[in-house]
Amino acid sequence: MTGRVLVCYATRYGSTAGIAQVIGEELEKSGLRVDVINVLEIEDIGPYDAIVIGSPLYMGKWLVEARDFVQRFKHPLNQCPVFVFTVGYSLKDPARENIKSAEEALDTVRLHISPSDAAFFAGMVNPDIMSVQDAAITRMGRVDAGDFRNWGRIREWAANITEELQPLP
């Protein structure tokens, strides 16, 4: 084992990328070698001992590029520890029905892989950087703008991954 971890993500407006970056930084604190990369840029996951995959929810599903990544690499992903995280506005309220809905979004991912752990985080909503269509949907849904990411909770989850990955060199 090389102690290398890939933290990869799909993102539309940068919220999930920011979470992935913080997860990567937390994993590096434990001495792991970490690459944080958008799923669209990944051609090979062979060099990695563990993988963390994140995606925002759009219309109740992971982004298509994240789902495609999981399907494309399903065989090697089933040979190493995999951790997944889902980001969504509805997750700012950790009520049971919101978590259940986010869990259901992972059904298409779990068709191909069995993650060691799954986390659910609130994201960021900034209508100023959204497409016209997404901004309209946000307004219609009466979605509040703001950054709802809980950095302490994100770092805690990443620290738990570190513990699970020991004794990776």
Using just the helices of the chain, give the 222 nm mean residue ellipticity in deg cm²/dmol: DSSP H runs with n ≥ 4 each add -39,500 (n - 2.57), and the total is spread over all residues, rounded to 500. -11000 deg cm²/dmol
What do you get when you divide the Cα radius of gyration of the range 102-157 by 2.2 N^0.38 Å, with N the number of residues? 1.45
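Keeping all protein chains in place, calculate the accessible area per residue for the chain (probe 1.4 angstrom), answer in Å². Can you show the working numbers first?
Values: 8780 Å² over 169 residues.
That works out to 52 Å² for each residue.
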Applying the span-like rule to the chain (DSSP H, Cα extent along axis at least 15 Å, Kyte-Doolittle mean at least 0.0) gives 15-29
Would you mind calculating the relative contact order of the chain from Cα pairs under 8 angstrom and at least 6 residues apart, reporting the percent as a whole number? 25 percent
Farthest toward positive dipole pole in the range 1-89 [+1 Lys/Arg, -1 Asp/Glu at C-beta], among PHE85, ALA17, SER30: PHE85
Portion, in percent, of the accessible area of the range 1-156 that falls on carbon or sulfur, probe 1.4 Å: 48 percent
Please compute the length gained on full extension between GLU65 and ILE42, using 0.36 nm multiplied by the number of residues separating them and subtracting their Cα-Cα distance. 7.2 nm
Please compute, over every Cα-Cα pair in the chain, the percentage with a separation greater than 19 angstrom. 53 percent
How much space per residue, in cubic angstrom, does the convex hull of the C-alpha atoms of the range 76-169 take up? 141 Å³
Just tell me which lysines come within less than 26 Å, Cα to Cα, of LYS100; anything on the same chain fewer than 8 places away is out. LYS61, LYS74, LYS92
Per residue convex hull volume, Cα only, the range 72-130, in Å³ is 103 Å³
What is the packing order of peptides 113-124, 3-14, 144-155, taking the mean over residues of other C-beta atoms within 10 Å and listing the highest first? 3-14, 113-124, 144-155
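The values are calculated or read from the model by the stated rules, or taken from the named source; none is laboratory data. Model, not experiment: these values are computed from the prediction. Virtual Cβ from ideal backbone geometry, glycine too; neighbours counted across all protein chains shown. Note: areas computed on protein heavy atoms with side chains; ligands, DNA, RNA excluded. Shrake-Rupley method; radii C 1.70, N 1.55, O 1.52, S 1.80 Å.
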